[in-house]
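Structure first, then comments.
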């Protein structure tokens, strides 16, 4: 073989080797690209499906938040945070209205931990653009929301809100972290809302679970931290609970106020906090921090029918409140054993009216103590040893956490609504109880069906049911307590059952909730 032929052969070998390498590299690049898209891609902001409707955002046609893309759109679109101002020809004047938002599905926000170069979810509303809005969570949940921003002054699902209405929202497993030095002299941190800045704001039937971590080794900052709201001014908060674990490690130069529900209230005018509870934990390394189960510092606050317990003892502080002035407490309880707090309120002045009581864990789970204090266990509260570890819970808003308590009597095993959706016919709700004692229908002393609308308002209460082969059946004619046919919409039902021998007891040992859609 001559030199020319050898050179051609060598060239072909090099060419083939190079081609193979190129193809291999190309395959690896494409594989890396697609894997990267799968593992690290971000959901992009996307306007709601009804964005182009002419009247979208009005109460009758709210923006529909159906997925994570819609939620990101809301968090990154300040134009819909501000109120609408338009001319009303009939009134002959300008009218100001807020935009309305309605969540229509559960939203998993796990991927937010990779958003914005690791800062996570951008709060809705901030110190530059306040959120004036009405957000209805529609009893759906937002889970695994991640917020990490060392310099932001407002950290929460909603950062800064005014003339705000939040209802029927479940924030589950939220994770909020802040470190470093904040851009300002104050920082507000709240799982649901960092700061409410007045104008008759309202939070109702809402809850939070998860973690808040404040790690600050520098600065001279006032920090207000709450399981629901960091700081509240001129607001009503009712029918809420928080199961957030709060951890604060801050140098003494920083003044920290921590409340299980509200970090700080300020006025006048006052805030009202009612029919709510805290069941999380509070650990503050700095012993100079103001720590309490309900409110870290309260000025002109009305705290009504609330209680506090904890998954672990507080690092220090009071069971209910710290630093009160001109406030009214009636009647409230805290768990002395679970919280480790020997006092209910620390640092008060003579202008307060205080009705609080510390109880043992066993007493906190005893209906009699609440009944004697005038708590409403017909329409507002309920106690069941299987739910909320035996502590009281909101009757139409049960918590997601169920204890491991084993009840020897379980008459309620399963329930179903049919048809669902319901269109033009009566609603049938049935549940199954095994026929053998002590679970048989004859063993049951009674059953009660309670139906609520999407606003949590009582629609119908009935004890008229039939038993057919071990299945117990309610039939609802779609009429309310006044005999009026109800409107289309989402409805929630609750069935409570009581065994015969427990008929005079305050407990119900069978419990089931569900949801159905009614269409005319």
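The values are calculated or read from the model by the stated rules, or taken from the named source; none is laboratory data. Everything quoted here is computed from the prediction, not taken from an experiment. Heads up, the Cβs are rebuilt from the backbone with ideal geometry, glycines too, and the neighbour counts pull from every protein chain shown.
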Query raised in the report: Which members of the range 319-339 meet the condition of being within 15 Å of residue 280 (Cα to Cα) and either touching a strand residue (DSSP E or B) at 6+ places or on another chain (Cβ under 8 Å) or crowded, with 24+ Cβ neighbours inside 10 Å (or both)?
Result: 319, 320, 334, 335, 336, 338, 339
Query raised in the report: If you take the residues of the range 264-280 that are under 16 Å from the mean Cα position of the chain (by Cα) and not in a strand (DSSP E or B), which of them is surrounded by the fewest Cβ atoms within 10 Å (Cβ to Cβ)?
Result: 275
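Can residue 195 be described as in the same structural domain as residue 238 (by TED's automatic domain parsing), at pLDDT 95 or above and surrounded by fewer than 21 Cβ atoms within 10 Å (Cβ to Cβ)? It would help to see each step written out before you state the result.
On the way: in the same structural domain as residue 238 (by TED's automatic domain parsing): yes; at pLDDT 95 or above: yes; surrounded by fewer than 21 Cβ atoms within 10 Å (Cβ to Cβ): no.
For residue 195, the condition - in the same structural domain as residue 238 (by TED's automatic domain parsing), at pLDDT 95 or above and surrounded by fewer than 21 Cβ atoms within 10 Å (Cβ to Cβ) - is not met.
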Query raised in the report: If you go through the range 121-136 one residue at a time, how many are closer than 21 Å to residue 243 by Cβ and modelled with pLDDT under 95?
Result: 0
Requested in this report: Give the range 236-259 a look and list any residue that's surrounded by 24 or more Cβ atoms within 10 Å (Cβ to Cβ), without any contact (Cβ under 8 Å) to a residue 60 or more places away in the chain and within 19 Å of residue 161 (Cβ to Cβ), or say none.
Outcome: 237, 240, 242
**Report entry** strands (runs of 3 or more DSSP E) completely within the range 373-463 that count 1 or more residues being modelled with pLDDT of 85 or more and surrounded by 18 or more Cβ atoms within 10 Å (Cβ to Cβ)
**Finding:** 427-432, 444-453, 458-462
Query raised in the report: From the set of residues in the range 42-58 that are in contact with a helix residue (DSSP H, G or I) (Cβ under 9 Å, 6 or more places away or on another chain) and touching a residue at least 40 places away in the same chain (Cβ under 8 Å), which is surrounded by the fewest Cβ atoms within 10 Å (Cβ to Cβ)?
Result: 42
**Report entry** Total residues in the range 141-152, condition crowded, with 21+ Cβ neighbours inside 10 Å and in a loop (DSSP other than H, G, I, E, B)
**Finding:** 3
Requested in this report: For the range 118-140, indicate whether the set of residues that are assigned to a helix (DSSP H, G or I) and either surrounded by fewer than 20 Cβ atoms within 10 Å (Cβ to Cβ) or not assigned by TED's automatic domain parsing to the domain that holds residue 207 (or both) is non-empty.
Outcome: yes
Report summary line: Flagged pairs (Cβ under 6 angstrom, 6 or more apart or on separate chains; first in the range 59-77, over 18 Å from residue 167 (Cα atoms); second in a strand (DSSP E or B)) are 68/107
Query raised in the report: Hey, does the range 345-355 have a residue that's outside any strand (DSSP E or B), within 27 Å of the chain's Cα centre (by Cα), surrounded by 16 or more Cβ atoms within 10 Å (Cβ to Cβ) and in contact (Cβ under 8 Å) with a residue 40 or more places away in the chain?
Result: no
Report summary line: Selection from the range 62-117 of residues more than 17 Å from residue 170 (Cα to Cα) and part of a loop (DSSP other than H, G, I, E, B) yields 62, 76, 77, 81, 82, 83, 89, 90, 91, 92, 98, 115
